[in-house]
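The values are calculated or read from the model by the stated rules, or taken from the named source; none is laboratory data. In this text, all values refer to a predicted model and were calculated from it rather than measured experimentally. Here the Cβ positions follow ideal geometry from the backbone for every residue, glycine too, while neighbour counts run over all protein chains shown. Note: areas computed on protein heavy atoms with side chains; ligands, DNA, RNA excluded. Shrake-Rupley method; radii C 1.70, N 1.55, O 1.52, S 1.80 Å.
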Amino acid sequence: MEEDEPKEWVAQVELGVLITFISLPQGGNDLKRIRFSENLLEDGNHLYRFLDNDPFVSECLNIPRGITEAKPNPIIEIASRLRLLSYAIFEAYTSEDGKHVDLLKYLRTVDKLQRVEVHDMLREEKLAFFINLYNIMAIHAILVWVHPAGALERRRLLGDFRYVVGGSNYSLSAIQNGILGGNQRPPYNFMKPFAAKDKCSQVALSYPEPLIHFALVSGNQSGPVLRCYSPGNIDKELMEAVSNFLGNGGVIIDFEAKVASLSKILQWFNIDFGKNELEVMKHISNYLEPTVSKALLELLSNSQLKMSRKGKNCSWSEPATEEFLQLLVEYTTDNVGGIPPTPVYTQWVGILRAKHNHICTVDQMRTKYQRFRRDYGLMRAIKNESGLGWGEEKQEVQCPDWKWEQYYD
């Protein structure tokens, strides 16, 4: 080798990591390549150090301080702490003042998820851990990105909001369909969440658990109630979640008209419960009260049940609508700026049923309330843009000076 040719030498900076340097003609050295000994990256301590180069990892929101080299934490310990913290956060979110949310403490806990081992978890542990993680990620996502306004925003929230767990990044969709769904294709998708060689596929449940749809909360109106799940009682708690969901508008059956309708969730994931809607109805009869289940099965056996696509909607008569508006006016007069809680809605459902024979669920009434608010906001926007208003005291059209000046000009 001639003297002006650049020289190369190899340094082993730590076990298995070989760096090749090259001398520069003007002096100094430059990095040429980095090599690793065989099977080195199977050691988790080395794997985590190179996660910073993963483009998806930089977008994961449970690692605000970057990849840590701290000692890995036992998954059972972190899952337990996360579950207890979830209880506290959920309790805070359901309180009236909402002043007990400690998101900083939460972020310090989920930061540790990047260094856990999830492959050796039992089925019950995986179910409880990933359901709780999904729900609390969904809360985090909505707080950071705001509630999705449409299908595209919802798809982005489910697919792009990610956490690093055990050295891999997981989206909400990957947890729901990949882990808890046994790596099956999501609705309206052509590919499975995890490829065959993806190490995340080793974490997935051996078979999909359909009852997760009654436990996963992502902020949509037809979703289930938010709660925490524990490994020791996961199957019992999922059964309770099913009963709660179906009893609060998840399925609506009019035995007199012999018509039934399913919530959006049961429509989206009907493949997990049957080949068609009638099979889905037969499946969910197992979770209804005995008398209701018996009556439903009789209709199904005689092919008398018709399915409606209305889902969570119901028909509002004019008297029922006026009564509901009056109830809202009385409530907001006594509770300025307040949103009616569930017990108030439950009372109103009984009032409308007794006075007007109007059958609806709490969720349907809450949907009607949201539509009232939307329509009222639209009317205010139109009024403000036109500059015209109505004076209740003098019962006359009002117009601000700036609007008259436009006409004068």
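Only one entry of Arg108, Arg123, Arg156 meets the criterion of being open to solvent by 10 Å² or more (accessible area, probe 1.4 Å) and farther than 28 Å from Asn270 by Cβ, and that entry is Arg108. Annotation note: of Gly159, Gly247, Gly219, the sole residue that is within 12 Å of the chain's Cα centre (by Cα), among the small types (Gly, Ala, Ser), part of a helix (DSSP H, G or I) and at pLDDT below 90 is Gly159. The set of residues from the stretch 128-162 being touching a residue at least 40 places away in the same chain (Cβ under 8 Å) and acidic (Asp, Glu) comprises just one member, Asp160.
Scoring Gly274 on the criteria (1) touching a residue at least 12 places away in the same chain (Cβ under 8 Å); (2) outside any helix (DSSP H, G or I) leaves a single failure, condition (1). For the stretch 240-293, the tally of residues that are open to solvent by less than 20 Å² (accessible area, probe 1.4 Å) and not hydroxyl-bearing (Ser, Thr, Tyr) stands at 16.
Give all pairs with beta carbons closer than 6 Å in which a residue from the stretch 163-185 that is touching a residue at least 60 places away in the same chain (Cβ under 8 Å) meets a residue that is open to solvent by 10 Å² or more (accessible area, probe 1.4 Å) and assigned to a helix (DSSP H, G or I); count only pairs at least 6 apart in sequence or on separate chains. Within 6 Å, the pairs are Gly167/Leu47; Gly167/Tyr48.
Do we have Glu277 as modelled with pLDDT under 90 and within 22 Å of Asn177 (Cα to Cα) here? Here the answer is yes, as Glu277 does meet what is asked. Between Asn189, Asn233, the distinction of being part of a loop (DSSP other than H, G, I, E, B) and polar (S, T, N, Q) belongs to Asn189 only.
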